[in-house]
Amino acid sequence: MLTGAENKGPELGNSLAPLFFCLAMLDDCDRVIIESRRGSGERPSAPVAIIVCTEADRRRFCRLAVRVAESAREFYNARFLDLFYADRTITLAGPVLGAPQAVLVLERLIALGSRAVVVLGWCGSLQPQIRIGDWVMPTGARSEEGTSAHYPTDSPAVAPDPLLASRLQSFCNQGDPPLHAGPVWSTDAPLRETLGKVLSYGGEGVLAVEMEMAALLRVAAYRRVPLAGLLVVSDELFTLKWRPGFRSATFKSSCRRAVRALLDFCAALPPELVS
């Protein structure tokens, strides 16, 4: 006859069985269960892709380039569309809002075949010399979003691909609009951009706040896919009072110029950067 203590043994053993199995397969424990993969017969994305964060800019891209017939599809509530511009096909994906959706879109582009990615978004300035309508090129990002930590890399710092970023900075640095290169702050909570955080990050030299770049840079590094970004300043926070500029003529003109600049830039990328 089994005692009460002996009766508890099998129950305990059964409850620990998954743990013992995982320990036995330790080298495989970090393998993901769900992967983004291109399906059989699924249309590939172009080697060069643009992730656009806003619907307004997505429409601006579509007005300037030729839409490739039957290329429209949707993933994760974002629209994917192939555009033909200056003899190159470019996949446009967006809009995206926040790190989780942006990363899902990036993962999908990579799975579909894109090998270089450029991001266009908006940001709020933390520095008095950076005004509405200026351009910001992130050289790194302070993460206050929850997605980056799931993609471990050798370095905790995140940065764009050096070759792609260097080419983009040279291409966009034409003096008008002014281009500012430096770190940005990525947050999941735009309604919690507190006075203390604006002062602290601004005092450390962080240029602007936005929602996606830290995660996109981290995932691109993890997947070893070149990525760089360009942000248009849509509002100002450095006075500790919010000054929105979304409706200003300066901001809208700057967005139009940024869209054309990124199309020209992507069309001119050499084959070795996108293979």
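The numbers here are math on the coordinates, done by the rules we state, and not lab data. Predicted, not measured: the structure shown is a model, and the values here were computed from it. Methodologically, a virtual Cβ is constructed for each residue, glycine included, from the backbone with ideal geometry; neighbour enumeration extends over all protein chains shown.
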Out of all DSSP beta bridges in the chain, what portion is antiparallel? Express it as a percent rounded to 5. 40 percent
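Relative to the present Cα-Cα distance, how much length would full extension add between LEU191 and ARG224 at 0.36 nm per residue of separation?
Using 0.36 nm per residue and subtracting the Cα-Cα distance, I get 8.6 nm.
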With the chain treated as a Gaussian network of Cα nodes joined by springs under 10 Å, which of GLU145, GLU210, GLU35 yields the largest mean-square fluctuation? GLU35
Could you grab the relative contact order for segment 74-117? Cα pairs under 8 Å, six or more apart, rounded to a whole percent. 32 percent
Only one of the values [x] 87, 51, 30; [y] 48, 44, 34; [z] 77, 37, 34 was calculated from this structure for Cα extents along the principal axes in Å; name its label. [x]
Loop sites only, by DSSP: take the chymotrypsin sites (Phe, Trp or Tyr not before Pro) in the chain that have at most 15 other C-beta atoms within 10 Å and name the longest stretch containing none of them. 1-241
Mind computing the radius of gyration and Dmax over the alpha-carbon atoms of segment 46-193? Å is fine for both. 15.8, 46
Once you keep just the Cα pairs under 8 angstrom separated by 6 or more residues, what percentage relative contact order results for segment 42-273? 27 percent
Could you give the size of the charge dipole of segment 42-273 about its Cα centre, using +1 on the Cβ of each K and R and -1 on the Cβ of each D and E, expressed in debye and rounded to the nearest 20? 540 debye
With the crude spin-label approximation of a point 7 Å out along Cα→Cβ, what separation in nm comes out for TYR151 versus SER200? 2.5 nm
Full-stretch length increase - ALA249, GLU42 - with 0.36 nm per residue and alpha-carbon distance subtracted: 70.4 nm
